[in-house]
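In what follows, a structure is listed as structure tokens, so that the remarks can point back to it.
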Amino acid sequence: MRGEETEDEGLMMKRAIVIGASSGIGREVSRQLIERGLLVGVAARREEQLKELVSLAPERVKALRIDVTDSEAPTLLRQLIEQLDGMDLYFHIAGIGNQNPHLEEGIEMRTVETNALGFTRMVGEAFRYFAEKGRGHIAAISSIAGTKGLGPAPSYSATKAMQNTYLQSLEQLAHLRGLDIRFTDIRPGFVNTELLNDGNHYPLMLKAEDVARKAIRAIERRRHVVVIDWRWSVITAVWRRIPKLVWRRLPLQLPR
């Protein structure tokens, strides 16, 4: 006979906060967590879209506008944690990306501000909270774009590689400090969301709802790194084996 369910078993009765919940993968992850019965805090720059998520379960969902590029964002995260009466899972999905073969400065800098500075700001605050609490789980949607430097999207590719390395570093830091903080780095291929609605062709497109479901499953199974889906696992494994001399000469498709 099984005893009472411990906090380590599954995601039920846990409190999760999703940053970047207004659309795409973030919205799907939030919706699926709400359907599973969790207490969920949702945050994003666009408040209006968050109201739809709150309407799914007003008694279990809290919403707050948070812009990860704002220096006050960590304080707002703490406020959302208080509204939820705690946090067990921090899920970072906020991010932007564009193909930028002409290296327009504004695009490059906005991407770095969101995907690098904003990511570090928020994941770092989640780490500090869990260090105080004594336990927790940090998950993030990064990308297969961090596998190798992609010429058509320099800052996007570079910031995703940074996210991969930062999570790996925090995982080691947690171990060194004896903290019970778990990490899941989720790396999907191209996903059919607003992010890729730019008129360019992307192969092997994934559905946001499928990525969300597999991401939640990876968290439940305490996976450290997961590439979604199996086709992209094969492709990225091949990418890693391509010598730099060959890689820099690959004719990657530029925007039409």
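Some notes on this structure:
- Pairwise label distance in nanometres, Arg222 with Glu209, each label 7 Å out on the Cα-Cβ vector: 3.1 nm
- Phi angles of the stretch 153-167 translate, via the Karplus equation with coefficients 6.51, -1.76, 1.60 and θ = phi - 60°, into HN-Hα couplings of 9, x, 5, 5, 4, 5, 6, 6, 5, 4, 4, 4, 5, 5, 5 Hz per residue; Gly and Pro are given as x.
- Rg/Rh for the stretch 20-108 stands at 1.04; both radii use Cα atoms, and Rh follows the Kirkwood definition.
- Rounded accessible area of Asp88 (nearest 10 Å², 1.4 Å probe): 20 Å²
- Solvent-accessible surface ranking, highest first, for Asp210, Asp85 at 1.4 angstrom: Asp85, Asp210
- Modelled spin-label separation between Asp229 and Val246, with each label point placed 7 Å from Cα along the Cα-to-Cβ direction: 2.7 nm.
- Rounded if a/c under 1.5, otherwise prolate or oblate - the stretch 17-167, Cα gyration tensor axes: prolate
- Amide H within-cut-off set for Phe183, under 5 Å, with H built and near neighbours excluded: Ile138
- Comparing Gly106, Gly151, Ser22 along the charge dipole axis of the chain, the residue lying farthest to the positive side is Gly151, per the Cβ-charge model.
- Across the accessible surface of the chain, with the other protein chains kept in place and a 1.4 Å probe, carbon and sulfur atoms take up 51 percent.
- Scaled radius of gyration (Cα, divided by 2.2 N^0.38 Å) that the stretch 105-244 gives: 1.09
- Choice from Glu35, Glu209, Glu125 with maximal GNM fluctuation in the chain (Cα, 10 Å cutoff): Glu35
- With the convex hull drawn over the C-alpha atoms of the chain, the volume per residue is 143 Å³.
- Dipole of the chain, positive end: most advanced residue of Val42, Asn115, Leu64 [Cβ charges, Cα centre]: Asn115
- Residue pairs, from the table Lys14/Lys133; Lys14/Lys207; Lys14/Lys62, whose Cα atoms sit over 24 Å apart: Lys14/Lys207
The values are calculated or read from the model by the stated rules, or taken from the named source; none is laboratory data. The structure presented is a predicted model; accordingly, all values stated were derived computationally and were not measured. Positions of Cβ are generated from backbone atoms using ideal geometry, with glycine treated the same way; all protein chains shown enter the neighbour counts. Please note that ligands, DNA and RNA were not included when accessible areas were found on the heavy atoms of the full protein model with its side chains. Shrake-Rupley method; radii C 1.70, N 1.55, O 1.52, S 1.80 Å.
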